[in-house]
């Protein structure tokens, strides 16, 4: 599909127009909502990514791929309980691994937002490279890159 080619070439605006056009023709198209959510994550527009993922779930509530994507979005927004729920729906085993690995990062972010500064090791901050590979794989396609695709399975 042309929208997917645009996305692969990082022509996000053109890809967005194509997916939006598909939604004009078929408002209940899960793949279009899902891919608009993926585009939004690539552009770090977390609110739009969340909205499109929720729209995709409305049309296909059983899509593990969309649940995983939404869980990843919630993780990035620091909403750990919502993330856990979505990740458990998408992949129950990965949810525990993923959230367990990211807890130190969430604590560091909360401390930073509260105006406290602390050295990385003292408050449990860790770099992305310190997160176990299998936990990163739960949020990515296994190659270390964000999971993107043509649509939910």
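Read-outs: derived from the displayed coordinates by stated rules, not from any lab. On a predicted model such as this, the values are computed, not experimentally measured, just so you know. All Cβ positions, glycine included, derive from the backbone under ideal geometry; neighbour counts span all protein chains shown.
Some points to look at:
- Value in Å of the Kirkwood radius, where segment 21-79 supplies the Cα pairs that are averaged: 11.1
- For a label point 7 Å along the Cα-to-beta-carbon line of residue 45, residues of segment 64-81 with backbone N under 18 Å: 70, 73-74, 77
- Once the chain from residue 26 to residue 76 is taken as fully extended at 0.36 nm per residue, the excess over their C-alpha distance is 15.0 nm.
- Rel. contact order, % - alpha carbon contacts under 8 angstrom, at least six apart, segment 15-90: 23
- When the P(r) is computed for segment 2-103, the part past 22 Å accounts for 30% of the Cα-Cα pairs.
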